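Everything below concerns the one structure shown next.
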Amino acid sequence: MTSAETPLAAKLKDRIRRAGPIGVDDYMQACLHDPEHGYYRHRPAIGAAGDFVTAPEISQVFGELIGLWCAVAWREMGAPANLNLVELGPGRGTLMRDALRAARIVPGFRAALAVHLVESNATLRSAQAATLADCGVPLEFHDDVVEALNGRTRVGDGATLVVANEFLDTLPIVQIAYRDGRWRDRVVIVDEASDDLAFDVDRNDEGWEHGRTHGLVPPDLIPQEGDIFELSKHSTTLATMLGARQSHGPICALLVDYGHAKSGFGDTLQGVAGQQHVSPFHAPGDTDLSAQVDFQRLAEACRRAGLAVETTLPQAELLGRLGIVERASRLMAANPARAAEIEAGVARLIQPSGMGSRFLALGVRSEGVAPLPGFDR
Ligand code: SAH
């Protein structure tokens, strides 16, 4: 399929022909959030029948362990009588449903909760409301992260726990490319020969190399011709917002996503459609686009924002420390008819060559809070 086939491709080509090349971040923003044609506006398809399957959709154990993690973290915050539990990008609401159910065993935890769901997509907000209709705790929706954490309509003051799974990878990134001995913006153009969207670099000498890359590419990384480096301004903003939120009370956050623990060069922008990897230019607006999370940069941004940062762990290691094997065994014993399915789901979450190592978990907290469960060794 070529990019000519979607209305968003036509709209973007028209925009580029009129106003010039657009940055990779603008391209990603349009593909995901264009008000008429963006992927998350009209067809977010999460789950077995959709475009991509996430950990909570693979196994209920994922959300359950995160629920228990939240309850233990709450205790370590001193078991405050009121706790804001904020989830960023809750998808179908599956993680939160499983988390709240599992956390019933911790006395007092649920009674302290106000759950806040930060979701930009109206269809998914309805799905989340339906999934959580009987959850028994107060729910509130927000459509913007910055507003939810620190804006005028922010979640109430007091202790706050933030969880996010596969949220950061959807945030638009900037790419810079090392060409002719300098960093330049990577941009999206219309290739006049093929009439398709294509990548190019911005030849404008006012680009990144004029001091703007200073401190952006870590000094220990020495670029070669053609190298690409990715920057997520939105992740940095999120880190700043988590830090700033501390003026309203202590905070802990658990951020799980696929990515790399150390910053490096590479182009990680990918399209996913029908559970297959496709070109980022495949059917714009009908394809999910994401990029790997640079956990080193994210951790540094959190530290700069005044938060304590735990060592980033592979998903398999965190889930192992939180007792995934024991929990799966108990669940299998209680549901013998579903034992094989439960075992297969859990195996997929911790598979060493798959999700277990490709997904990483970052834990951050206010300095006054004890080290976070699972990270605290
Ligand atoms: N956490 C879920 C869904 C992951 S998909 C799961 O693990 O299954 C990404 C989610 O983030 C979707 O719910 C999407 O609509 C939401 N999202 C993407 N960009 C967003 C933004 N800028 N603000 C709020 N929500 C966003």
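Looking for something closer than 30 Å to L242 by Cα and surrounded by 12 or more Cβ atoms within 10 Å (Cβ to Cβ) - is there at least one such residue anywhere in region 327-343? Looking for residues that are closer than 30 Å to L242 by Cα and surrounded by 12 or more Cβ atoms within 10 Å (Cβ to Cβ), one finds none in region 327-343, hence no.
For G151, the conditions (1) over 30 Å from A328 (Cα atoms); (2) of a type in the set (G, A, S); (3) at pLDDT 95 or above; (4) within 15 Å of the ligand (Cβ to nearest atom) are fulfilled apart from (3). The numbered conditions (1) within 16 Å of the ligand (Cβ to nearest atom); (2) basic (K, R); (3) crowded, with 19+ Cβ neighbours inside 10 Å are all true for R41 except (3).
For region 147-158, give me the residue count where each residue is open to solvent by 60 Å² or more (accessible area, probe 1.4 Å) and either touching a residue at least 40 places away in the same chain (Cβ under 8 Å) or within 20 Å of the chain's Cα centre (by Cα) (or both). Steps first, answer last, please.
Let us first name the residues in region 147-158 that are open to solvent by 60 Å² or more (accessible area, probe 1.4 Å), namely 147, 152-154, 157.
Adding the requirement that they be either touching a residue at least 40 places away in the same chain (Cβ under 8 Å) or within 20 Å of the chain's Cα centre (by Cα) (or both) leaves 147, 154, 157.
The qualifying residues number 3.
Per the conditions (1) in contact with a strand residue (DSSP E or B) (Cβ under 6 Å, 6 or more places away or on another chain); (2) within 9 Å of the ligand (Cβ to nearest atom); (3) open to solvent by 10 Å² or more (accessible area, probe 1.4 Å), the sole criterion not satisfied by F141 is (2). Restricting the first member to region 309-327 and to residues that are within 18 Å of I58 (Cα to Cα), and the second to residues that are open to solvent by 20 Å² or more (accessible area, probe 1.4 Å), the beta-carbon pairs closer than 6 Å and six or more apart or on different chains are P314/S357; A316/I350; L319/I350.
Residues that are surrounded by fewer than 24 Cβ atoms within 10 Å (Cβ to Cβ), within 14 Å of the ligand (Cβ to nearest atom), under 19 Å from the mean Cα position of the chain (by Cα) and not in a loop (DSSP other than H, G, I, E, B) are absent from region 79-86.
Which residues, taken from region 259-297, are of a type in the set (G, A, S) and free of Cβ contacts under 8 Å to residues at least 12 places away in the same chain? Can you show your working first?
Applying the first criterion (of a type in the set (G, A, S)) to region 259-297 yields 259, 261, 263-264, 266, 271, 273-274, 279, 283, 285, 290-291.
Listed by number, the list holds a single entry, S279.
When S279, S290 are checked against the criterion of being under 20 Å from the mean Cα position of the chain (by Cα), among the hydroxyl-bearing types (S, T, Y) and either modelled with pLDDT of 95 or more or crowded, with 16+ Cβ neighbours inside 10 Å (or both), a single residue qualifies: S290.
Which count do you get for residues in region 13-38 that are assigned to a loop (DSSP other than H, G, I, E, B), open to solvent by 30 Å² or more (accessible area, probe 1.4 Å) and touching a residue at least 12 places away in the same chain (Cβ under 8 Å)? Give the derivation first.
If we filter region 13-38 for residues that are assigned to a loop (DSSP other than H, G, I, E, B), which is where we start, we get 20-21, 34-38.
Still in the running and open to solvent by 30 Å² or more (accessible area, probe 1.4 Å): 21, 35-37.
Among the residues that remain, those that are also touching a residue at least 12 places away in the same chain (Cβ under 8 Å) are: 21, 36-37.
Adding up the residues that qualify gives 3.
Of note, L161 does not satisfy the criterion of being open to solvent by less than 20 Å² (accessible area, probe 1.4 Å), part of a helix (DSSP H, G or I), more than 20 Å from Q29 (Cα to Cα) and not charged (D, E, K, R). Scanning region 350-373 for residues that are in contact with a Leu (Cβ under 6 Å, 6 or more places away or on another chain) and open to solvent by less than 10 Å² (accessible area, probe 1.4 Å) turns up A361, L362, G363, V364. Looking at P107, P90, can you tell me which residue is under 22 Å from A291 (Cβ atoms) and free of Cβ contacts under 8 Å to residues at least 60 places away in the same chain? Exactly one of P107, P90 is under 22 Å from A291 (Cβ atoms) and free of Cβ contacts under 8 Å to residues at least 60 places away in the same chain, namely P90. Kindly indicate whether any position in region 166-187 is modelled with pLDDT of 95 or more, touching a Lys or Arg at 6+ places or on another chain (Cβ under 9 Å) and surrounded by fewer than 18 Cβ atoms within 10 Å (Cβ to Cβ). Within region 166-187, none of the residues are modelled with pLDDT of 95 or more, touching a Lys or Arg at 6+ places or on another chain (Cβ under 9 Å) and surrounded by fewer than 18 Cβ atoms within 10 Å (Cβ to Cβ).
The values are calculated or read from the model by the stated rules, or taken from the named source; none is laboratory data. Just so we're clear, the structure is a prediction, and the values are computed from it rather than from any experiment. We place every Cβ from the backbone using ideal geometry, glycine too, and count neighbours over all the protein chains shown. Accessible surface is based on the protein model in full, side chains and every heavy atom, while ligands, DNA and RNA are left aside. Shrake-Rupley method; radii C 1.70, N 1.55, O 1.52, S 1.80 Å.
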